[in-house]
Amino acid sequence: MTSEWTRPDHVANYLAMKDDVPHRAAGEETLLAEVPSSSRRILDLGCGDGHLLAMMLAHCPEATGVGLDMSPAMLERARQLFAGNDRVTLVQHNMDSPLPDLGTFDGIVSSFAIHHCEHHRKRELYAEIFDRLQPGGVFCNLEHVDSATPAIHDRFLEAMKGTNDVEDPSNRLLDVETQLRWFREIGFEDVDCHWKWRELALLSGRRPTAPAPEPAPQRIKQVIVMRHDLKMRRGKQIAQGAHASMSFLSRRLQREGTIQLNDLTESQRAWINGAFAKICCRVDSEEELLEIHDRAVEAGLEVQLITDSGRTEFHGQPTRTCLAIGPAPADEIDAVTGHLQLL
Ligand SMILES: C[S@@+](CC[C@H](N)C(=O)[O-])C[C@H]1O[C@@H](n2cnc3c(N)ncnc32)[C@H](O)[C@@H]1O
């Protein structure tokens, strides 16, 4: 996973090229402008050699800072940078585990680090960050994000050629939209992508100063999870998704011959009488699809797994293409699928 960063050669290679990353300074400048210079406590997640934390402390003259990183080699470089500086505390911690208790902060920043966490962990981490911000505190993540298409990803790699950077196997890139959606769902306000150059983006949100409003009435939805690795035509995907969506009704009809609205669960009735809210997410393998299936079953949710007969595609092989979860309360489904990318 993230073990690359415990290797001194990997760390040295990154530090040698990091200043050559195109437009990095523009991203950092935009980040600095988001954090009030009156901030008193700053946390830098995945601080590396302390480069961003040093900029933050220069920008916020009254602040103390905490730099957190998992890599001993990186922390050694940060220790050298901050030698004799009593404004800085360095903490060794792997962000794959919940953040340690470090108190609360006016600003939490991170540059090019959180994309090394798995997607579900990114979402959890964003919620932990929200909890550790003072009301009104700001979170800024200058991040390596996913491209919209493989062709755009290739153009990014082309643009990075001059840096001697190679694709880091510990990258877990995720698109901007999904991450901003998570920020909003968690409760951040003023959520936006303030700067972007190809796969480098500044994502930011603020913890509200006022208490969060009463939660909205429970939303009912259905989530369709589609395999993206099969590279199905759009029409095929729509057909499979439609099949999955209606299966909670059609399979029951086939079994029971007839059903009344009253035979359905409260959530199913609310969904049918409402707007039929549907969300489509993607997974990248059959294994991932089945993992989601099993987690939904464990959570007691209605799941319909679709296996295409393979008559027109997939070389005659019956193939699991997608599944539908729900209709069910949105928060129950989100606990299973909330980390997935939208299709
Ligand atoms: C690309 S470097 C960025 C370093 C620094 N923030 C910068 O902008 O130069 C990624 C950093 O994230 C750290 N990192 C990666 N995965 C981590 C994890 N799971 N927990 C803590 N730190 C992690 C690495 O050790 C490394 O210092």
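The values are calculated or read from the model by the stated rules, or taken from the named source; none is laboratory data. Because the structure is predicted, anything quoted here is derived from the model rather than measured. Cβ sites come from the backbone with ideal geometry, for glycine too, and all protein chains shown count toward neighbours.
At-a-glance table
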| quantity | calculated |
| --- | --- |
| 3 or more residues over 30 Å from GLU288 (Cβ atoms) and away from the ligand (no atom under 14 Å from the Cβ): qualifying strands (runs of 3 or more DSSP E) within the range 24-138 | 105-111 |
| Residue in the range 105-115 that is at pLDDT 95 or above and closer than 18 Å to GLY338 by Cα present | yes |
| The one condition in (1) of a type in the set (Val, Ile, Thr); (2) out of contact with any helix residue (DSSP H, G or I) (no Cβ under 9 Å at 6 or more places or on another chain); (3) at pLDDT below 95 that ILE238 fails to fulfil | (3) |
| Every residue from the range 10-23 that is more than 15 Å from LEU52 (Cα to Cα) and either touching an Asp or Glu at 6+ places or on another chain (Cβ under 6 Å) or within 10 Å of the ligand (Cβ to nearest atom) (or both) | HIS10, VAL11, MET17 |
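Residues checked against (1) touching a strand residue (DSSP E or B) at 6+ places or on another chain (Cβ under 8 Å); (2) outside the structural domain of GLY326 (by TED's automatic domain parsing); (3) under 17 Å from ALA328 (Cβ atoms):
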residue	(1), (2), (3)
ASP263	no, no, yes
ALA270	yes, no, yes
PHE276	yes, no, yes
CYS280	yes, no, yes
SER285	yes, no, no
LEU290	yes, no, no
ASP294	no, no, yes
VAL297	yes, no, yes
GLN304	yes, no, yes
